[in-house]
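Throughout, read-outs are computed from the coordinates displayed, never taken from laboratory work. The shown structure was predicted, so the numbers you read here are calculated from the model rather than taken from an experiment. Note: ideal-geometry Cβ built from the backbone for every residue, glycine included; neighbour counts use all protein chains shown.
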Amino acid sequence: MSQLLPERRSGSENWSPLSDIGQLNERMRRMLEQTFGGLLDEPAGWIPAVDIEETEDAYVVEAEVPGVKRQDVNIEVSGNELSISGELKERKREGVVRRRTRRGGQFEFRVTLPGELNPEGVEAKLNDGVLSVRVPKAARMQRRRIEVKSA
């Protein structure tokens, strides 16, 4: 617990708010590590950015998955739920990684679409890092325009 108390500075040091923030960040990291152990070290998954469009006869889901190969994507339809999952595999590196901001590892997106779906007609295409999944509506769910006749 004593690790969480502020560290003392001598009077000759120049005070810097950034150094205080860095020390606070390090103390918080140590406290969380003591509380949760190695659970924080496990890589967390990510959720791709997604657009969902409804047309007359289908739902079209477009997910941004740059760098993901088509064989590393899994698409499932169960009832009216669509699940897109997969993995962005990390490439082999020769040098030391000094900074990393690109996401990687497992990803998953789930959505419950309204109404009944036709899972037999689902189509998926991966082009330029965008996965497009077309999920047709069930025949009885599709809209039908009724012509009004004169009497």
- Which lysines have a Cα less than 21 Å from the Cα of Lys137, not counting those fewer than 8 places away in the same chain? Lys125
- Item | Inter-probe distance in nm under a simple model that places probes 7 Å from Cα toward Cβ, at Glu53 and Lys89 | 3.2
- Query: Net charge near Ile75, counting Lys/Arg +1 and Asp/Glu -1 over other residues with Cβ under 12 Å of its Cβ?
  - Reply: -1
- Message: Using only the alpha-carbon atoms, what does segment 16-130 span along each of its principal axes? Please give whole angstrom values in decreasing order.
- Response: 61, 34, 27
- Sites Met31 and Glu62, calculated FRET efficiency, Cβ-Cβ separation with R0 41 Å, nearest 0.05: 0.50
- Message: Let me check I've understood the local charge: for Glu56, count other residues with C-beta under 13 angstrom from its C-beta, Lys and Arg +1, Asp and Glu -1. What total comes out?
- Response: +2
